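Structure record follows, encoded as structure tokens.
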Amino acid sequence: VVREITDFSNQHPYSIGEILLDRVDLEFPDVHKGEKPQISISVVNKSTQPYEPVLMHLPSYMDMTREPEVLQKGERGRMTVTLDTDRLTDLGLTQASVYLSRFAGDKVNDDNEIPVSVVLLPDRTEMNFDQLSNAPKIQLSETSVDLREKLRKKNKATHDITVTNKGK
């Protein structure tokens, strides 16, 4: 006899082993140096054993907390990943992978990989008004290109996009 039937498949469409997740990537787009953004991953334990959510190979610029520490069968929890942008050395795109541990002693492989992507921008507080008023401003002649029609007849296609600086 159960009090309620809990189906987590709609809110947690991804599975890694017997663990259900609401997302399988960690994307931090357009974060500025000095910020500490967070991403939460909702986790459901569908196994019969207690489960302790752990992200293996977490880069030094990321920290993880979990609530609760251990999930019993059918329980839902949350992992919160915090990005410390001060620990990143380069501006621009940084990519890495972390791995969800499915059980104690789990190994790293493609099945439990979670990609990490960070686009780090300069610290906003270091930019003064002169820099902002003299900054470049990009304008594209178009923001999307559809080459399907051209590629029906050929195996190569080209398309020109004009890039213009509307700033200084």
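The values are calculated or read from the model by the stated rules, or taken from the named source; none is laboratory data. Only a predicted model underlies this, so the values are computations on that prediction, with no experimental measurement involved. Because the Cβ atoms are built from the backbone with ideal geometry, glycine has one as well, and the counts that use them run over all protein chains shown. Only protein heavy atoms, including side chains, enter the accessible area calculation; ligands, DNA and RNA are left aside. Shrake-Rupley method; radii C 1.70, N 1.55, O 1.52, S 1.80 Å.
Would you work out what percent of the accessible area of the chain, with all protein chains in place, is carbon or sulfur (probe 1.4 Å)?
Summing carbon and sulfur atoms, their accessible area is 48 percent of the total for the chain.
Within the range 65-107, find all residues whose amide N lies under 13 Å from a label point positioned 7 Å from the Cα of K36 along Cα-to-beta-carbon.
What the label zone holds, given the 13 Å backbone N cut-off, is 65, 81-87.
Order the peptides 28-36, 154-162 from the highest to the lowest mean number of other Cβ atoms within 10 Å of their residues.
Going from most to least packed, we get 28-36, 154-162.
Within a Cβ distance under 15 Å of R148, other residues only, what is the Lys/Arg minus Asp/Glu net charge?
Cβ neighbours under 15 Å give a net charge of +3.
Can you give the calculated 222 nm mean residue ellipticity of the chain, where each DSSP H run of n ≥ 4 adds -39,500 (n - 2.57) and the sum is split over every residue, rounded to the nearest 500 deg cm²/dmol?
-1500 deg cm²/dmol
Calculated from the structure, percent of Cα pairs over 20 Å apart equals which of (i) 52; (ii) 66; (iii) 59?
Checking each listed value against the structure points to (ii).
Given a 1.4 Å probe, how much area per residue of the chain is accessible, in Å²?
Ligands and nucleic acids excluded, the result is 70 Å² per residue.
Magnitude of the Cβ-charge dipole of the chain, K/R +1 and D/E -1, about the Cα centre, nearest 20 debye?
740 debye
Just tell me which aspartates and glutamates come within less than 19 Å, Cα to Cα, of K154; anything on the same chain fewer than 8 places away is out.
D146
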